[in-house]
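Undergrad: I am attaching a structure below and will ask some questions about it afterwards.
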Amino acid sequence: MSRFATSAVVLAAALAAAGCASPGELPERHTLATPAAAGATDTATPWPAERWWTGFGDTTLDGLVERALAGQPSLQVAAARLRQADAAVGVASAARLPQVQGTADLSRQRFTENGMVPAPLAGSIAWNNSAQIGASWELDLFGRERNTIAAAVGQSRAAAAELQAARVLLAANVVAGYVNLGRLVESREVARQSLAQREQILALVRQRIAAGLDTTVELRQAEGLIAQSRVDLEALDEATARARHALAELCGQGPNALEGLSPALAPLHSTPLPAGLPADLMGRRADLVAQRWRVETALREVDVARAQFYPNVSLTAFVGLSSLGLDEFVKAGSRTFGAGPALSLPIFEGGRLRANLGARAAEVDAAVEGYNGALLRALREVADEVAGLQSLERQQRAQAEAGAAADAAFALALQRFQAGLGNFLTVLSAQTNVLAQSRAATDLKARHLASEVALARALGGGWAATDDTLPPPVAAAR
């Protein structure tokens, strides 16, 4: 270490011991929750895969998801924020390196006759010239710059995790939108069949009225059912159009880009449920990783605020030329140079530094509780979807039995009518039940698929953190 650096360190230590502002005591820091303490199991869950949506076995759906991930504007915004955070790391890192600046000033001026400039320059017009290269280097003895860089890195890692979380959410929204569109398409087909059935009922009622078997009351009831069916069809057409527009927006396309897209739910494959709540959720939920990096950033900003109480020591040096008159500018006698330490130390600042430190400490507690809340929410989302899927599977089994019973009743009613043992109204009533069960089956299938999508997102959407992207362990962070 040079003589200047040695003297700077000694002086800084003396000033720090003599009477710098005191940071005081901070309140006890809040504690980060762990997945195990929040009820997660000890076993890892391999599901879902990185491209989990391909498990549904629909190439059209695969193309929509890939297109969304490639061109959705919201992802581009998140990517721009990541680049901004990376640039902030570069700015913070540059502060730890020696800074070198060059200046040059050549001006022709008249010197006052009544100032400090002696004759013969006094009252004359001449060149006043200087050129200088200066350098400075902050020693960062108390870690302010080091922790500033660490905080910037934390912000960058959080932004990277948030980009991944946005990708997971977008993929889930596209698949959910596709499933919803399929539900509407199939519901419309059931509604169309219902309208055709009610038109048959109206024709039969008219025949019965002509035969004197029914009255105008039955006729008006049948006409009202047809009108209601047409209302239902129009409502489904509107909802289908809106669903296509929303899905096109998610895919980064115009509203009419998916006109005519009519997914079918039946061919979509389901995925077996995971065994339980995974303890490795922290490394698979990008939003949780981002929250943990926010905690790490807040901790490093506390260290920066604490370093403000201690001396700021830097070394400066310069070398250059300075002269009056151009003919003397480049001569050896015009040389100028200097070097030495520069120190600054807070002595009395009205409590500003302590208040700033308290604010940063409060931000740590807020970040910790934000993470704790996100962890509880993540585990609750997984538990909700697992419970929902289990219930939906039981509902689907019961509905399958109800659907089979309705089919059998319809077949029997049709046989009795064909044999002359029953009337056609009984057949149509049985068919109404068949259509209702078909609609219920469609809704349950769509709900089951939507819950699978939600579970895939809740389990991290196939993303997995690496050693480079994970924040420090909980114990180290505290």
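Undergrad: Relative to the longest principal axis of the chain, what angle (0 to 90°, nearest 10) does the C-alpha long axis of helix 352-418 take?
TA: 10
Undergrad: What ranking, highest mean first, results for peptides 430-436, 419-425 when packing means the other Cβ atoms within 10 Å averaged over each residue?
TA: 430-436, 419-425
Undergrad: When only DSSP loop residues count, what trypsin sites (Lys or Arg not before Pro) in the stretch 317-402 have their Cβ near at most 13 other Cβ atoms within 10 Å? Could the numbers behind the result be given before it?
TA: On the way: sites: Lys331, Arg335, Arg352, Arg354, Arg360, Arg377, Arg380, Arg394, Arg397; in loops: Lys331.
Hits after loop and neighbour filter: Lys331.
Undergrad: Give, in nm to one decimal, the length gained when the segment between Thr34 and Leu97 is fully stretched (0.36 nm per residue of separation minus the Cα-Cα distance).
TA: 18.8 nm
Undergrad: Now for a different question. Excluding Arg208 itself, what net charge comes from residues whose Cβ is under 13 Å from its Cβ, given Lys and Arg +1 and Asp and Glu -1? The partial results should precede the final answer.
TA: Working: positive: Arg206; negative: Asp214, Glu218.
Summing Lys and Arg as +1 and Asp and Glu as -1 gives -1.
Undergrad: Still on this model: Sorted by mean Cβ packing within 10 Å, highest first, what order do the peptides 145-151, 227-233, 296-302 take?
TA: Details: 145-151: 20.6, 227-233: 14.1, 296-302: 23.0.
The most tightly packed comes first, giving 296-302, 145-151, 227-233.
Undergrad: State to the nearest 20 debye the size of the charge dipole of the stretch 72-201 about its Cα centre, where the only charges are +1 on K and R beta carbons and -1 on D and E beta carbons.
TA: For this selection, approximately 380 debye.
Undergrad: Oh, and also: For Glu234 and Asp62 in one chain, what is 0.36 nm times their gap in residues minus the Cα-Cα distance, to one decimal in nm?
TA: 58.9 nm
Undergrad: Bin width 5 Å, origin at 0, all Cα-Cα pairs of the stretch 233-369: what percent of pairs per bin?
TA: Once binned at 5 Å, the Cα pair distances of the stretch 233-369 give 2, 7, 7, 7, 6, 6, 7, 8, 7, 7, 7, 6, 6, 5, 4, 3, 2, 2, 0, 0.
Undergrad: Using only Cα atoms, find the angle between the long axis of helix 424-458 and the longest principal axis of the chain, and express it within 0 to 90 degrees, rounded to the nearest 10.
TA: The answer is roughly 20 degrees.
Undergrad: May I ask you to derive the FRET efficiency for Ile226 and Ala264 from their Cβ-Cβ distance with R0 = 30 Å, giving the value to the nearest 0.05? Don't skip to the end; give the middle numbers.
TA: Working: r = 27 Å, r/R0 = 0.92.
E between Ile226 and Ala264, to the nearest 0.05, is 0.65.
Undergrad: Any idea what the alpha-carbon Rg over 2.2 N^0.38 Å comes to for the stretch 282-323? Working shown, then result.
TA: Numbers: Rg = 20.6 Å, N = 42, 2.2 N^0.38 = 9.1 Å.
That works out to 2.26 for the stretch 282-323.
Undergrad: Return the long-range amide H neighbours of Asn128 (sequence gap of 5 or more, or a different chain), with a cut-off of under 5 Å between placed amide H atoms.
TA: Ser107, Arg108, Gln109, Gly325
Undergrad: Another question about this same structure. Give the calculated FRET efficiency between Ser429 and Asn256 to the nearest 0.05, with a Förster radius of 41 Å applied to their Cβ-Cβ distance.
TA: According to the calculation, E is roughly 0.50.
Undergrad: Additional query: Once phi is turned into θ = phi - 60°, what whole-Hz ³J(HN,Hα) does the Karplus curve with 6.51, -1.76 and 1.60 give for every residue of the stretch 202-211, x standing for Gly and Pro?
TA: 4, 4, 5, 4, 4, 5, 5, 5, 4, 8
Undergrad: How large is the charge dipole for the chain, taken about the Cα centre, if only the Cβ atoms of Lys, Arg (+1) and Asp, Glu (-1) carry charge, to the nearest 20 debye?
TA: Roughly 380 debye, rounded to the nearest 20.
Undergrad: Computed FRET efficiency, Cβ-Cβ of Arg51 and Ile347, R0 60 Å: what is it to the nearest 0.05?
TA: Working from the Cβ atoms, E equals 0.50.
Undergrad: Ok, one more. Taking a 1.4 Å probe, which of Ile347, Ile133 shows the most accessible area, and what order do the others take after it? Let's see the in-between values first.
TA: Details: Ile347 120, Ile133 95 Å².
In descending accessible area the options line up as Ile347, Ile133.
Undergrad: Based on the Cα atoms of the stretch 306-356, what semi-axes does the equivalent ellipsoid have, where each is the square root of 5 times one gyration tensor eigenvalue, given in whole Å with the largest first?
TA: Semi-axes from the Cα gyration tensor: 42, 11, 7 Å.
Undergrad: To continue, here is another question. Any idea what diffusion coefficient the stretch 35-192 gets from Stokes-Einstein, in µm²/s, Kirkwood Rh on alpha carbon pairs, 10 °C, 1.306 mPa s? Mind showing how you got there, number by number?
TA: Working: Rh = 22.9 Å.
Using the Kirkwood radius from Cα pairs, D works out to 69 µm²/s.
Undergrad: To continue, here is another question. Can you tell me the orientation of helix 216-250 relative to the chain, as the angle in degrees between its alpha-carbon axis and the longest Cα principal axis, to the nearest 10?
TA: 30
Undergrad: Per the Debye formula with a single identical scatterer at each Cα and no solvent contribution, what log10 I(q)/I(0) holds for the chain at q = 0.07, 0.09, 0.12 Å⁻¹?
TA: With no solvent term, the Cα-only Debye profile gives -0.65, -0.85, -1.12.
Undergrad: Show that you can apply the helix-only estimate: for the chain, add -39,500 (n - 2.57) for every DSSP H stretch of four or more residues, divide by all residues, and state [θ] at 222 nm to the nearest 500.
TA: Values: 9 runs with 282 residues, N = 478.
Rounded to the nearest 500, it is -21500 deg cm²/dmol.
Undergrad: Mind checking the full-extension length gain between Ala210 and Asp365? Use 0.36 nm per residue of separation minus the Cα-Cα distance, one decimal, nm. Display every interim value, and only then the final one.
TA: Working: separation 155, 0.36 × 155 = 55.80 nm, distance 8.11 nm.
That pair, Ala210 and Asp365, stretches by 47.7 nm at full extension.
Undergrad: Taking a probe of 1.4 angstrom, what is the accessible area of Thr426 in Å², to the nearest 10?
TA: Thr426 exposes around 80 Å² with every protein chain in place.
Undergrad: Right, next: Can you tell which of Gly358, Ser262, Ala222 lies farthest toward the positive end of the dipole of the chain, using +1 and -1 charges on the Cβ of basic and acidic side chains (Lys, Arg; Asp, Glu)?
TA: The residue sitting farthest along the positive end of the dipole is Gly358.
Undergrad: Starting from the Cα of Arg242, step 7 Å along the direction of its Cβ; do the same at Glu328; then give the gap between the two resulting points in nm.
TA: Each label point lies 7 Å from its Cα, and together they span 8.5 nm.
The values are calculated or read from the model by the stated rules, or taken from the named source; none is laboratory data. Worth saying up front: this structure is predicted, and the values here are computed from it rather than measured. Glycine also receives a Cβ, built like all others from the backbone with ideal geometry; neighbour counts cover every protein chain displayed. SASA here: full protein model, heavy atoms, side chains in, ligands and nucleic acids out. Shrake-Rupley method; radii C 1.70, N 1.55, O 1.52, S 1.80 Å.
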